[in-house]
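Novice: To start, I am sharing the structure in question, which I have written as structure tokens.
The values are calculated or read from the model by the stated rules, or taken from the named source; none is laboratory data. Because the structure is a prediction, the values reported are computed rather than measured. Here the Cβ is made from the backbone with ideal geometry for all residues, glycine too, and neighbour counts use every protein chain on show. Side chains included, ligands, DNA and RNA excluded: accessible areas come from the protein's heavy atoms. Shrake-Rupley method; radii C 1.70, N 1.55, O 1.52, S 1.80 Å.
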Amino acid sequence: MTVSFSGKKHSSYEQIFSVFTETSWEKTRDKYPQTTDNFFSGNKNQFFVLPHLNSTEFLIGVGDQFANHEIQAVANKFSYFFRNNILSAPTLLSAPVFDKYQTEEFVKGLFLGTYMYPFRKNHPVWKKGFSLVEENADPSTVRQIKTSVSALCRGQFDAMDWLNKPANLKKNGQLSEHLKQISKKYGFSYKSYNREKCEKLGLGAFAAVNQGSATDAAFTIMEYHCKDPKAKTIGLIGKCVLFDTGGISLKNPANMHYMKSDMGGAAAVFGTMIAAAEMQLPVNITAILPVTDNAISEKAYLPSDVVTAYNGKTIEVLDTDAEGRMTLADALAYLTKNYKTEALIDIATLTGSAVRMFGDSCGALFSNNNSLLEMLLQSGQKTAQRLWNLPLWDEWNDEIQSDVADFRNISMKPVGDCIVAAKFLEHFTGGHPAWAHLDVAAMAFGKVNYSSEKAATGYGVQLFLDVLQNFAEKN
Ligand code: BES
Ligand code: MG
Ligand code: ZN
């Protein structure tokens, strides 16, 4: 398949990205007298630049053995390496070794690979816009690739930009303004409750986390409605702690700056909503983002406090740093009480425990529903945003028994905190028959090509889009 996509300015100078496997290269190499064995063989992640008279050709190797998601990774790496060279000229992708899906994966990688920090003036390709124009490929395929790649980039880049922002540039007011703007642009319904309103509504667990903050809370509810009357509604909840100091149970300063990433779950959710709306996915989304920071002040909630969550259950706060589960408890209880959803998925940078267990190899997945569990595992595998299932066995309830409340918010034992947290959350899901919880701290924020420090990976957007597509197909 041959697809060409072009920048704003068309010039006669062309950039050609030619993709080879080892086998296809072996058959073609005679056409490239400039190359020898030493330079290029079609191996995975091999890039070779060939200057021609009116064009530059980039030979790109994907190897003979590749999973589909590896195609995106190769393209991402390629475009990151050459991001300063491939930006403005029209480019032509020649990838006869790929089918349609694989071509789309490659194009996704090409564009996602141009991501830079939001304070750099790029994303150069992106800001200029691009268009896919038909070459030899059938026009509807090209159009479809263009739509979905552009949708993905808009959603994932927005998620990454906000996750990467420093804490002083993503106060509640700034993020809320952004959420309002995207709601307006995409026609999402938007409402948000401040601290006072949350207290009145009985969102006591969430309000407790916010009470020590100099900035007001925003318990935010956003809905995307598609045009299909038969469409399913999926509930998405994203942990949205804008900065997690730990509160009175203060964190160690050494890694505290990473806690600007504690809204990675929420970023994945609103990034997904943007992409879903751009693609006009035939599925509805009801999202809750409980926006707050976890601050330290004389008003902050204290270890030993007992607070009442939205579902009437009382929680003994033994560690104010276990704030994510407090905010999610109310979000889960509120969503299940007030909305009907086919499936309910929360995503959170919830525990260091999941980080210590899996590193950045996968997120921890918990679910009470086997088909949702299978679907998430498969989507994780397919998109290389992997998940691994952990148990919700009832014996873990012993760990959150409290003498003074229905539950305590931590176990006080250095064992399996990500399971303890998941078990805690389960008590606030209102008996929803298809709930899944994703604990993804190291996945959302970690090693990336565009930064020497940990930064936003974009985790969750492609995963959720795949899941939503599965639900859309069930209409
Ligand atoms: N936001 C953190 C979880 C986290 C840890 C994210 C490391 C990214 C990297 C969460 O709010 C937290 O502080 N969890 C505590 C819970 C503990 C007090 C039971 C933790 O994991 O240490
Ligand atoms: Mg914390
Ligand atoms: Zn946190």
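Novice: Relative contact order for the chain using alpha-carbon pairs under 8 Å, separation at least 6, rounded to a whole percent?
Specialist: Dividing the mean separation by the residue count of the chain yields 15 percent.
Novice: If packing is taken as the average count of other Cβ atoms within 10 Å, what order do 256-263, 270-277 fall into, highest mean first?
Specialist: 270-277, 256-263
Novice: Amide H neighbours of Gln211 under 5 Å, at least 5 residues apart or on other chains, H built in the peptide plane: list them.
Specialist: It is Tyr301, by chain and number.
Novice: Quick one: Karplus J couplings for the range 137-145, per residue in order, coefficients 6.51, -1.76, 1.60, θ = phi - 60°, nearest Hz, x for Gly and Pro?
Specialist: Ordered by residue, 3J(HN,Hα) equals 6, 6, x, 6, 5, 4, 4, 5, 4 Hz.
Novice: Along the charge dipole of the chain, pointing to its positive end and built from +1/-1 on Cβ of Lys, Arg, Asp and Glu, which listed residue (Ser367, Gly155, Trp396) has its Cα farthest out?
Specialist: Farthest towards the positive pole: Gly155.
Novice: Using modelled amide H (1.01 Å from N, peptide plane; none on Pro or chain starts), what sits under 5 Å from the amide H of Cys362, excluding residues fewer than 5 places away?
Specialist: none
Novice: Right, another one. Sort Asp99, Asp244, Asp305, Asp394 by heavy-atom solvent-accessible area, probe 1.4 angstrom, most to least.
Specialist: So, going from the largest accessible area down, we get Asp394, Asp99, Asp305, Asp244.
Novice: Here's a follow-up. In whole percent, how big is the carbon plus sulfur part of the accessible area of the chain, probe 1.4 Å, protein atoms only?
Specialist: 50
Novice: Take each of the peptides 399-407, 420-428, average the number of other beta-carbon atoms within 10 Å over its residues, and list them starting from the highest.
Specialist: 420-428, 399-407
Novice: Follow-up question, since we're still on this one. Based on Cβ point charges of +1 for Lys and Arg and -1 for Asp and Glu, what charge dipole magnitude is obtained for the range 330-419 about its Cα centre, in debye rounded to the nearest 20?
Specialist: Here the size comes out at about 360 debye.
Novice: Once amide H atoms are placed 1.01 Å from N in the peptide plane, what residues at a sequence separation of 5 or more from Ala436, or on another chain, have their amide H within under 5 Å of its amide H?
Specialist: Counting only residues 5 or more places away or on other chains, the set is Leu344, Ile345, Asp346.
Novice: Ordered by residue, what ³J(HN,Hα) values in Hz, to whole numbers, does the range 168-177 give under the Karplus form 6.51 cos²θ - 1.76 cosθ + 1.60, where θ = phi - 60° and Gly and Pro are x?
Specialist: 6, 9, 9, 5, 3, x, 5, 5, 4, 4
Novice: Now a separate question. Where both partners of a DSSP beta bridge lie in the chain, what percent of those bridges are antiparallel, to the nearest 5?
Specialist: About 50 percent, rounded to the nearest 5.
Novice: Which whole-Hz couplings ³J(HN,Hα) result when phi for each residue of the range 217-230 is put into the Karplus expression 6.51 cos²θ - 1.76 cosθ + 1.60, θ = phi - 60°, listed in order with x for Gly and Pro?
Specialist: Whole-Hz 3J(HN,Hα) from phi for the range 217-230: 7, 9, 7, 9, 10, 10, 10, 9, 10, 8, 8, 6, x, 8.
Novice: Consider a paramagnetic label point 7 Å from the Cα of Leu250 along Cα→Cβ; state which residues of the range 292-326 have an amide N under 17 Å from it.
Specialist: Residues passing the 17 Å test: 294-303, 319-322.
Novice: I would also like to ask the following. Along the charge dipole of the chain, which of Val74, Thr349, His52 sits closest to the positive end, that is, farthest toward it, with unit charges on the beta carbon of Lys, Arg, Asp and Glu (+1, +1, -1, -1)?
Specialist: His52
Novice: Let me ask you something else. Tell me, what is the per residue accessible area of the chain in Å², probe radius 1.4 Å?
Specialist: Per-residue accessible area for the chain comes out at 41 Å².
Novice: Here's something else I'd like to know. In straight Cα distance, which lysines are under 16 Å from Lys340, not counting same-chain residues fewer than 8 positions off?
Specialist: Lys230, Lys232
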